[in-house]
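Structure, as structure tokens:
The values are calculated or read from the model by the stated rules, or taken from the named source; none is laboratory data. What you are looking at is a predicted structure, and each value in this text was computed from that prediction instead of being measured. Cβ sites come from the backbone with ideal geometry, for glycine too, and all protein chains shown count toward neighbours.
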Amino acid sequence: MIAGPGAEPGPGGGVASLAGLKAPRSVIDKIWQSHVVAELGGQRALLHIDRIFLHERTGPAVLAGLATVGRRPLHPELVFGITDHIVDTSPQRSDATQSAAGRTFIQALRDSTAQVGVRLFDLHSPQQGIVHVVSPEQGLALPGLTLVCPDSHTCTVGGIGALGWGIGSTEGEHAVATQTLERARPPQMRVNFVGRLPERVTAKDMALALIARFGALGGALDGVGCALEFGGPAVAALAVEGRLTLCNMAVEFGAWTALVAPDETTIEWLRGRPFAPQGQAFEAAAAHWRTLFSDPDTVWDKTLTLDVSALAPQLSWGTSPEHSGAIDAPVPELDQAANTSARRAWVQALAYMDLRPGQALLGTPIDAAFIGSCTNSRLPDLRAAAALIRGRRVAPGVLAMVVPGSMPVRAAAEAEGLHRIFLEAGFQWRSSGCSLCFYAGVDSFGSARRVISSTNRNFEGRQGPGVRTHLASPVTVVASALAGCIADPRVC
């Protein structure tokens, strides 16, 4: 299904004038209204869901819950299973190399999807990978579609103009059984990035800078997560992969979801994708996608603007993405905390990270460097990292690994010889999966405790017991791996 914008007005009103002109609508309004099955009152609506993804951690529970009450997927062709969360990423992986928990979850997903006719991107599929990488890469996520998955980073697909959000298992059962979900209409926020990114400053740095400046709840209003539209010249200049990175981090900003309105860059990126429309059907779809933009006079519940012209590479110093700042800035002093609660959080974070106020981050020794996750594991991420590391070696004692976001990304990187650059530099070159975005006991940093990582979360224990995670872009990760300490990629 490729849904078109509905005839009804957006939440801002009905008829804009006696002449019958409609009130301006945001791209979010247009997608939302085109999916309304029924208005339920109180700003709530029953929405049609175009795509549902189920991974091995939660998918078996969703399908088992339906089986218990005698239900099956209403449209199994619109539901997709994928193994990504608890998978071994070693190059020669097999079922035998999985952890006991991984084998159990994977087999349960295999059995349950086979029973109801749901397509599975299984461990040995050439299309396997992290769900938020695979769905746009394969053309299953498309502009204007709604997409849900029991995973908080489903908002990633907003990078191509899809409306995606994370759900729980109970909502998953409802979505699979009815191809609908009830949602309250969210407040809407526009986030403008103006200026031109400096060299070796990336979409990841934009996201971290936004969260650091406005806080981990900056994307919410009165405690309710907003639907964000990212825009402005700096966003328009990003490749699609950078837009996916930006939207991926929206949930760390406290938003419900986020998107970038599709444009010609989006359309060309999607052309020829395996599950996207082909031929004349693609051109018809593209004509619709070009209507998915916010009207010039759209009224937002809130607007934020960030100038990236002088933005430095960003690095987290604490245990929340909002604990971030310029890589060449010291750890902030406690009196810079916004309030008493923030100060307490800073004290706890610095104790865990073994850092002190005023300490320089540059030059802090690291034990491991990680490139991967649904945030930064796509082909342009790997190209940028390889360009910086070509002909050089990882510092002695640093464990360094690259985990491509999908097997197609891995294959494309190998076709360009990027894997040889990483291997010759001392990086591990692995198969795709969520890996050490979070610790599930399959992949491990071993004894490494201070890690610089291209992932999206740095909570206590997120990458393993006692692991201290510094979030950064892939180029900052490789600069630091080469130096053996936190290093600025601009002077690498």
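Go through segment 44-150 and tell me which helices (runs of 4 or more DSSP H), entirely inside it, have 1 or more residues that are surrounded by fewer than 19 Cβ atoms within 10 Å (Cβ to Cβ).
59-68, 100-116
Mind listing whichever residues of segment 367-385 are outside any loop (DSSP other than H, G, I, E, B), buried (at least 24 other Cβ atoms within 10 Å of the Cβ) and not β-branched (Val, Ile, Thr)?
The answer is 368, 369, 370, 381, 382, 385.
Just give me the residues in segment 313-329 being part of a strand (DSSP E or B) and within 14 Å of residue 342 (Cα to Cα), in sequence order.
The one that is part of a strand (DSSP E or B) and within 14 Å of residue 342 (Cα to Cα): 324.
Mind listing whichever residues of segment 241-292 are within 21 Å of residue 165 (Cα to Cα), part of a helix (DSSP H, G or I) and among the small types (Gly, Ala, Ser)?
Listed by number, the residues that qualify are 242, 250.
Out of 313, 321, 330, which single residue is in contact with a Gly (Cβ under 6 Å, 6 or more places away or on another chain) and at pLDDT 95 or above?
Sole residue among the options that is in contact with a Gly (Cβ under 6 Å, 6 or more places away or on another chain) and at pLDDT 95 or above: 330.
With the condition kept exactly as written, say whether any residue in segment 382-392 is in contact (Cβ under 8 Å) with a residue 60 or more places away in the chain, closer than 20 Å to residue 244 by Cβ and in contact with a strand residue (DSSP E or B) (Cβ under 8 Å, 6 or more places away or on another chain).
Looking through segment 382-392, at least one residue is in contact (Cβ under 8 Å) with a residue 60 or more places away in the chain, closer than 20 Å to residue 244 by Cβ and in contact with a strand residue (DSSP E or B) (Cβ under 8 Å, 6 or more places away or on another chain).
Cβ contacts < 6 Å: first residue farther than 17 Å from residue 187 by Cα, restricted to segment 30-45; second residue assigned to a loop (DSSP other than H, G, I, E, B), any location; separation 6+ or different chain. Result?
Hits for this filter: 34/3; 34/4; 34/5; 34/6; 35/3.
Being of a type outside the set (S, T, N, Q) and within 22 Å of residue 134 (Cα to Cα) is true for just one of 396, 380. Which residue is that?
Residue meeting the stated conditions: 380.
Restricting attention to segment 161-211, and to residues there that are of a type in the set (A, V, I, L, M, F, W, C), in a helix (DSSP H, G or I) and within 30 Å of residue 72 (Cβ to Cβ), which single residue is farthest from the chain's Cα centre (by Cα)?
Step by step, filter segment 161-211, then rank; the result is 177.
Quick one: in segment 300-315, which of the residues that are surrounded by fewer than 15 Cβ atoms within 10 Å (Cβ to Cβ) and β-branched (Val, Ile, Thr) is farthest from residue 205 (Cα to Cα)?
Once the filter is applied, the top-ranked residue is 303.
Please determine whether any residue of segment 125-145 is in contact (Cβ under 8 Å) with a residue 24 or more places away in the chain, among the charged types (D, E, K, R) and closer than 29 Å to residue 33 by Cα.
yes
I'd like to know if segment 175-188 contains one or more residues that are crowded, with 24+ Cβ neighbours inside 10 Å and within 26 Å of residue 304 (Cα to Cα).
Within segment 175-188 (the criterion being crowded, with 24+ Cβ neighbours inside 10 Å and within 26 Å of residue 304 (Cα to Cα)), the answer is yes, since at least one residue qualifies.
Among the residues of segment 443-479, what is the count of those that are among the small types (Gly, Ala, Ser), touching a residue at least 24 places away in the same chain (Cβ under 8 Å) and more than 21 Å from residue 252 (Cβ to Cβ)?
Summing the residues that are among the small types (Gly, Ala, Ser), touching a residue at least 24 places away in the same chain (Cβ under 8 Å) and more than 21 Å from residue 252 (Cβ to Cβ) in segment 443-479 gives 4.
Scanning for something assigned by TED's automatic domain parsing to the domain that holds residue 210 and within 15 Å of residue 230 (Cα to Cα), does segment 269-281 turn up at least one residue?
no
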